[in-house]
Amino acid sequence: MSEIRFDAVHHRFGERTVLSGIDLTLTEPRIGIVGANGSGKSTLARMINGLVEPTAGTVTVDGVDTAKQGREVRRRVGFVFTDPDNQIVMPTVAEDVAFSLRRSGLTKPEIAERVAQLLRRFGLDGHADHPTHLLSGGQKQLLALAAVLIREPSVLVADEPTTLLDLRNARMVAELLAGLAEQVVLVTHHLELLADFDRVLVIEDGRVLADDRPAPALAAYRQAVGRQ
Amino acid sequence: MSGRMSTIGTYRPGSSALHRLPAGPKMALLLVAVIGVVLLRQPWQLGIAALLVAVLYGWARIPWRVAVAQVWPLRWTIVVIAAFQLWLADWRAAVVVCAGLMIAVAVAALVTLTTRVTEMLDLCVRLLGPLRRVGVDPDRVGLVLALTIRCVPLLVSVIDEVNQARRARGLGFSLVALVSPAIVRALRSADAIGDALIARGVDD
């Protein structure tokens, strides 16, 4: 598994402190991040991919600085967003997955073969030529996942990937995430998805409120929510 | 409406000769067809051109509903142009201008309906390749084209949702109530798409 390190990380957005004094080393295969809206959990997740740079401190993935070597980091870290519509670039399913490999140096037949394999694995092979905007929410999220995983990242960061989905689709995406070989960092409000995770971080007001196994961490989160 | 709008210019899989024709010759034929249509001056000539386009749609096995959807968004523009032409010239001019516009759009749509965006992207990158020397990034231009096509159904759904929200609040039609939230949402989407493109390694 990759080593994701946060060293004395602070982040400010204008006058507002979003993250403060974050020191973490994440090496577990399954890491969950929970917290209220605006707590800073999405900012924390985006830092792993270099989408947000800390205003102080450093974030590294396997020793690679996300602020200085963003491209290198993004080859290692895939990112799935809440709304797959914002992540899908091409008008058809197969084209969108292939888009991720456009600068991979692979030949067209090689790309087509890899795309076909991945679409089969994700149950989207029957939709290869379908317009992406006509897919269901769950299928769109699966497509977004496929488009990220075809680049074979060692870490997958998913920022509330089930929030916009109904229960059935949320389960489908959760099952797929659970079966991945890649290290997964999952930001979610669906606490039941984290039951089998190795580690859960609870973020509150830009700080780590709890960092533990799922049961005690989620108990601390529920207690904190109860206090508010 | 949004369902029909979202079919505009979206590739439809198929195995017709038009589907199999490479993007380069198809774009060249499109150019010739549009120039040809502009040069037509008689309504009967445009009638033949329209018939030819209809045959091409049939040949590509594009359902007639999808074919109509390609020119349907032009209806108000056509009404305005026709009225203008009738006022300034005569019915012949109105027919020639309006039919020419519709045929040109229909032919262009036929190209996008039968050509994968990746094929057009590759063509664009090839054609713009020589401009690398003057600082043009063909990949980036191709990406802009792909995103433009991709964003049509996205924007249609945004406008549809904003419209439904307005109706749900019991408000009558208001351009401000439609345009303001639609622009805000479009800008937010643009921001999010930018983040997603970076995350997908577009800059790599």
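Among B:Thr77, B:Thr118, B:Thr114, which is the only one that is β-branched (Val, Ile, Thr) and touching a His at 6+ places or on another chain (Cβ under 8 Å)?
On inspection, the qualifying residue turns out to be B:Thr114.
Looking at B:Asp122, B:Asp160 in this structure, which one is of a type in the set (Asp, Glu), assigned by TED's automatic domain parsing to the domain that holds B:Arg188 and either closer than 20 Å to A:Glu95 by Cβ or surrounded by fewer than 13 Cβ atoms within 10 Å (Cβ to Cβ) (or both)?
B:Asp122
Only residues that are without any contact (Cβ under 8 Å) to a residue 60 or more places away in the chain, of a type in the set (Val, Ile, Thr) and assigned to a helix (DSSP H, G or I): list them for the range B:114-158, please.
If the condition is that a residue be without any contact (Cβ under 8 Å) to a residue 60 or more places away in the chain, of a type in the set (Val, Ile, Thr) and assigned to a helix (DSSP H, G or I), then B:Thr118, B:Val125, B:Val134, B:Val141, B:Val144, B:Thr148, B:Val158 are the ones that fit.
Which of the residues belonging to the range A:90-102 are part of a helix (DSSP H, G or I) and either of a type in the set (Asp, Glu) or at pLDDT below 85 (or both)?
Listed by number, the residues that qualify are A:Glu95, A:Asp96.
Could you tell me whether any residue of the range A:168-175 is within 14 Å of another protein chain (Cβ to nearest Cβ) and either more than 21 Å from A:Ile111 (Cα to Cα) or crowded, with 19+ Cβ neighbours inside 10 Å (or both)?
The answer is no; no qualifying residue exists.
Checking the conditions here, which among B:Leu154, B:Leu147, B:Leu143, B:Leu187 is modelled with pLDDT of 85 or more and within 30 Å of A:Arg102 (Cβ to Cβ)?
Only one candidate passes the filter, namely B:Leu187.
Which condition from (1) part of a loop (DSSP other than H, G, I, E, B); (2) in contact with a His (Cβ under 7 Å, 6 or more places away or on another chain); (3) surrounded by fewer than 20 Cβ atoms within 10 Å (Cβ to Cβ) is the one that A:Met1 breaks?
(2)
Within the group B:Val141, B:Val105, B:Val134, B:Val202, which residue is assigned by TED's automatic domain parsing to the domain that holds B:His19 and closer than 30 Å to B:Ala28 by Cβ?
Answer to the selection: B:Val105.
Can you confirm whether A:Gly137 is surrounded by fewer than 21 Cβ atoms within 10 Å (Cβ to Cβ) and either within 14 Å of chain B (Cβ to nearest Cβ) or of a type outside the set (Asp, Glu) (or both)?
For A:Gly137, the condition - surrounded by fewer than 21 Cβ atoms within 10 Å (Cβ to Cβ) and either within 14 Å of chain B (Cβ to nearest Cβ) or of a type outside the set (Asp, Glu) (or both) - is met.
Taking A:Val77, is it surrounded by fewer than 24 Cβ atoms within 10 Å (Cβ to Cβ), within 25 Å of A:Ile150 (Cβ to Cβ) and modelled with pLDDT of 90 or more?
On the way: surrounded by fewer than 24 Cβ atoms within 10 Å (Cβ to Cβ): no; within 25 Å of A:Ile150 (Cβ to Cβ): yes; modelled with pLDDT of 90 or more: yes.
No.
Here is a list: B:Ala182, B:Ala177, B:Ala165, B:Ala186. Which entry is away from chain A (no Cβ under 14 Å), surrounded by 12 or more Cβ atoms within 10 Å (Cβ to Cβ) and touching a residue at least 24 places away in the same chain (Cβ under 8 Å)?
Result: B:Ala182 is the single residue among B:Ala182, B:Ala177, B:Ala165, B:Ala186 that is away from chain A (no Cβ under 14 Å), surrounded by 12 or more Cβ atoms within 10 Å (Cβ to Cβ) and touching a residue at least 24 places away in the same chain (Cβ under 8 Å).
Of all residues in the range A:117-134, count the ones that are in a helix (DSSP H, G or I) and more than 13 Å from chain B (Cβ to nearest Cβ). So that I can check it myself, show each step before the final result.
Here is the first cut: in the range A:117-134, the residues in a helix (DSSP H, G or I) are A:117-121, A:125-127, A:132-134.
From what is left, the residues that are more than 13 Å from chain B (Cβ to nearest Cβ) are A:117-121, A:125.
So the answer is 6.
Please go through the range A:88-112 and pick out each residue that is in contact with a strand residue (DSSP E or B) (Cβ under 7 Å, 6 or more places away or on another chain) and either more than 7 Å from every other protein chain (Cβ to nearest Cβ) or not β-branched (Val, Ile, Thr) (or both).
A:Pro91
Report the residue count in the range A:14-23 for those that are in contact (Cβ under 8 Å) with a residue 12 or more places away in the chain and over 11 Å from A:Gly57 (Cβ atoms). Full working, then the answer.
So the first thing to find is which residues in the range A:14-23 are in contact (Cβ under 8 Å) with a residue 12 or more places away in the chain, and the list is A:17-23.
If we keep only those that are over 11 Å from A:Gly57 (Cβ atoms) as well, we get A:17-18.
Qualifying residue count for the region: 2.
Applying the selection to the range B:159-178, what residues are among the hydrophobic types (A, V, I, L, M, F, W, C) and part of a helix (DSSP H, G or I)?
B:Ile159, B:Val162, B:Ala165, B:Ala168, B:Leu175, B:Val176, B:Ala177, B:Leu178
The values are calculated or read from the model by the stated rules, or taken from the named source; none is laboratory data. All of these numbers come straight from a predicted model, not from anything done at the bench. Cβ sites come from the backbone with ideal geometry, for glycine too, and all protein chains shown count toward neighbours.
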